[in-house]
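The values are calculated or read from the model by the stated rules, or taken from the named source; none is laboratory data. What you see is a predicted model, and the numbers here were worked out from it, not measured in a lab. Please note: Cβ atoms are built from the backbone with ideal geometry, for glycine as well, and neighbour counts cover all protein chains shown. Protein only, heavy atoms only, side chains kept; ligands, DNA and RNA dropped before computing areas. Shrake-Rupley method; radii C 1.70, N 1.55, O 1.52, S 1.80 Å.
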Amino acid sequence: MNLILFGPPGAGKGTQADFISKKYGFAKLSTGDMLRAAVKSGSPLGKQAQDVMAKGQLVSDEIMINLIRERIREDDCQKGFILDGFPRTVAQAEALDQMLITEKKRLDYVIELQVDDTELTQRITGRFSCAKCGTGYHDSFKRPMKEEVCDSCGSTEFSRREDDNVSTVTKRLEAYHQQTAPLLPYYDKENILVSIDGMADIVEVTRQIEEIIGGTGKLAAQ
Ligand code: AMP
């Protein structure tokens with residue numbers, strides 16, 4: 001099964017993609033994670049993407065499309081994949097459709113997590129993660145049980161994403177509303193769009209996604 005987890009930055013796509021990927025064995029393809037790894041490694045791609053990401057803008061369609069085209073051919077995607085953060089423009093969505101035809105694959109669902117902008121800004125600007133194992137935390141909603149010690153691995157090093165500050169978040173939300181949200185009618189027309197309340201509890205959001213994957217969710221009922 002191939003899915004897109006769709007929604008604005010901070011909607012919980014990455015967190016939910018992790019759960020679903022572990023439970024069902026689908027590969028998680030997060031373009032944000034791929035780009036951050038490229039920036040960290042100092043590769044040519046990372047050098048190109050770094051400034052654009054820091055400004056909260058979108059990396060070029062050409063780069064992103066090539067990145068995903070290579071990735072979905074890999075072995076771990078054959079059972080299924082979850083796209084997190086791709087496509088983000090109409091050009092990316094059209095290119096994805098073409099790739100899927102070439103690879104003889106199809107998209108089963110586009111699951112939209114709906115969260116309002118005020119909540120998103122609050123979520124994003126407070127989030128941080130363990131620098132060693134990646135476990136996610138939040139200044140207000142989820143602090144480590146023991147201050148400054150990771151609950152999962154005991155590390156005392158934490159990091160924040162460079163683009164998780166108020167001014168960049170505003171730009172990222174603008175990019176979402178202007179360039180990415182117009183994809184919703186595109187997938188609605190293909191009859192594979194399911195929208196769920198991303199403001200609900202994390203566990204409840206996971207439950208609803210599992211219902212959709214299991215074929216008993218909203219789309220199946222329509
Ligand atoms: P994310 O982790 O999904 O919030 O992505 C972080 C940043 O990476 C975005 O603000 C963009 O600059 C860039 N990015 C990630 N995915 C894409 C994409 N599909 N198209 C263009 N830029 C992207």
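In this entry, GLN114 passes the filter for residues that are among the polar types (S, T, N, Q), touching an Asp or Glu at 6+ places or on another chain (Cβ under 9 Å) and closer than 18 Å to THR15 by Cβ. When you check GLU210 against the structure, is it modelled with pLDDT of 95 or more, of a type in the set (D, E, K, R) and closer than 29 Å to LYS23 by Cα, yes or no? Judged against the criteria, GLU210 is a match.
Is there a residue in the stretch 127-140 that is surrounded by 15 or more Cβ atoms within 10 Å (Cβ to Cβ) and in contact with a His (Cβ under 9 Å, 6 or more places away or on another chain)? Within the stretch 127-140, one or more residues are surrounded by 15 or more Cβ atoms within 10 Å (Cβ to Cβ) and in contact with a His (Cβ under 9 Å, 6 or more places away or on another chain).
From the set of residues in the stretch 178-194 that are open to solvent by 30 Å² or more (accessible area, probe 1.4 Å) and in contact with a strand residue (DSSP E or B) (Cβ under 9 Å, 6 or more places away or on another chain), which is nearest to GLU94 (Cα to Cα)? Full working, then the answer.
Keep residues of the stretch 178-194 that are open to solvent by 30 Å² or more (accessible area, probe 1.4 Å), which gives 178-179, 182, 184-186, 188-191.
This time we only want the ones that are in contact with a strand residue (DSSP E or B) (Cβ under 9 Å, 6 or more places away or on another chain), so: 184-186, 188, 190.
Values: LEU184: 13, PRO185: 13, TYR186: 10, ASP188: 14, GLU190: 12 Å.
Out of the qualifying residues, it is TYR186.
Of everything in the stretch 141-154, what is aliphatic (A, V, I, L, M) and exposed (fewer than 12 other Cβ atoms within 10 Å of the Cβ)? Give them in sequence order. Residue satisfying the conditions is MET145 alone.
Counting only residues that are closer than 13 Å to PRO182 by Cα and over 19 Å from the mean Cα position of the chain (by Cα), how many does the stretch 86-114 have? Qualifying residue count for the region: 0. Condition check for GLN50 on (1) open to solvent by 30 Å² or more (accessible area, probe 1.4 Å); (2) away from the ligand (no atom under 11 Å from the Cβ): one failure, at (2). Yes or no: VAL110 under 24 Å from GLU190 (Cα atoms), more than 10 Å from the ligand (Cβ to nearest atom) and open to solvent by 20 Å² or more (accessible area, probe 1.4 Å)? Against the criterion (under 24 Å from GLU190 (Cα atoms), more than 10 Å from the ligand (Cβ to nearest atom) and open to solvent by 20 Å² or more (accessible area, probe 1.4 Å)), VAL110 does not qualify. Taking the criterion of being in contact (Cβ under 8 Å) with a residue 24 or more places away in the chain, open to solvent by 20 Å² or more (accessible area, probe 1.4 Å) and among the β-branched types (Val, Ile, Thr), the only residue of the stretch 5-43 that qualifies is THR15. ILE20 satisfies every condition listed in (1) over 25 Å from ARG123 (Cα atoms); (2) more than 8 Å from the ligand (Cβ to nearest atom); (3) not aromatic (Phe, Trp, Tyr) except (1).
Number of residues in the stretch 182-196 that are touching a residue at least 60 places away in the same chain (Cβ under 8 Å) and not in a helix (DSSP H, G or I) equals 7. Among the residues in the stretch 156-169, are any at pLDDT 95 or above, buried (at least 19 other Cβ atoms within 10 Å of the Cβ) and touching a Leu at 6+ places or on another chain (Cβ under 9 Å)? Yes, some residue in the stretch 156-169 is at pLDDT 95 or above, buried (at least 19 other Cβ atoms within 10 Å of the Cβ) and touching a Leu at 6+ places or on another chain (Cβ under 9 Å).
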